[in-house]
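Some notes on the structure that comes next.
Nothing in this text is a laboratory measurement; each read-out follows from the coordinates by a stated rule. For clarity, every value in this text was computed on a predicted model and none was experimentally measured. Quick reminder, even Gly has a Cβ in these numbers, built from the backbone with ideal geometry, and neighbours come from all protein chains shown.
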Amino acid sequence: MTSSAAPILITGAGQRIGLHCAQRLLEDGHRVIFSYRSERPGVQALRDLGAIAVFADFASEAGIFTFISELKTHTDSLRAIVHNASEWLPETTDTDAEAFTRMFSVHMLAPYLINLHCADLLQRSSPADIVHISDDVTRKGSSKHIGYCASKAGLDSLTLSFAAKYAPGIKVNGIAPALLLFNPDDDAAYRAKALAKSALGIEPGSEVIYQSLRYLLDNPYVTGTTLTVNGGRHIK
């Protein structure tokens, strides 16, 4: 990957996939700005590596605009924006409206407003990219997580619309992963059932998303595309 003087913004990089991608971007020589909602060991680890941490609560319009204003105090240009921040909330009878509203805000409103209000930062970099981290679940829907799936599907739609709006100066793409990492408390039965859903049957880890991100950042002829990274779930 060619390094750039302009930093890469990655949202929700305090743990798991976001943390890994931020660390790998730093290793590749990029300056990194990242958002976080909670102080975690990964947040301090990135600070120690030289990344700039900006607090963000994307659950409200006010929180999103506060983040955008703070971001612009740290840089006047961006090489890329990677929308990784995500929310997974249970959708019960008592919480369904609140959960849907929050997931819509995190998965759709935040990327929408950041893309619109930070386009000027991206336009000062060449090349420039926006990457939305979606979810493979949008391919078939989810009876148990309707709000989560719908808001991630909306993010897929934003990929198409912003790709059309910002071409040719800014490429806009997405990545739709399925299972990447188990949680420590996932039992053997759950792990076996989850692995059996894909043709390749492995727990790939975070690096496959970084490889996908690198492809999108490096390739000058790809926009309006969402990469499926699901181990072949669609052919099972």
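Laid out as a table, the results:
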quantity	calculated
Approximate shape of region 95-236 as ellipsoid semi-axes (Cα gyration tensor, √5λ), whole Å, largest first	29, 20, 12
Relative counts (whole %) of C-alpha pair distances in region 118-185, using bins that are 5 Å wide	4, 16, 21, 18, 15, 11, 9, 5, 2, 0
About the Cα centre, charge dipole magnitude for region 169-236 (Lys/Arg +1, Asp/Glu -1 at Cβ), debye	300 debye
Cα-based radius of gyration of region 169-236 once divided by 2.2 N^0.38 Å, which approximates compact folds	1.31
Taking only Cα atoms of region 28-129, radius of gyration then Dmax in Å	14.9, 48
Nearest-20 debye value, the chain charge dipole, Cβ charges on Lys, Arg, Asp, Glu	600 debye
Per DSSP, loop GluC sites (Glu not before Pro) in region 1-76 with at most 14 further Cβ within 10 Å	39
Count of lysine pairs in region 87-200 with Cα separation under 19 Å (8 or more residues apart, or interchain)	6
Simple label model, 7 Å out from Cα along Cβ direction - residue 94 to residue 55, nm	2.9 nm
The chain - mean residue ellipticity at 222 nm from DSSP helices (-39,500 (n - 2.57) per run, n ≥ 4, rounded to 500)	-11500 deg cm²/dmol
Cα-Cα P(r), region 27-71, percent of pairs per 5 Å interval	5, 22, 27, 20, 16, 8, 2
Sites residue 188 and residue 143 - FRET efficiency at Förster radius 25 Å, r taken between beta-carbons, to 0.05	0.50
Within region 76-146: Cβ-based charge dipole about Cα centre, in debye rounded to nearest 20 (Lys, Arg +1; Asp, Glu -1)	260 debye
Cα lying deepest toward the dipole's positive end in the chain, options 69, 58, 159, charges on Cβ	159
For region 97-137, radius of gyration divided by Kirkwood radius, i.e. Rg to Rh on alpha-carbons	1.10
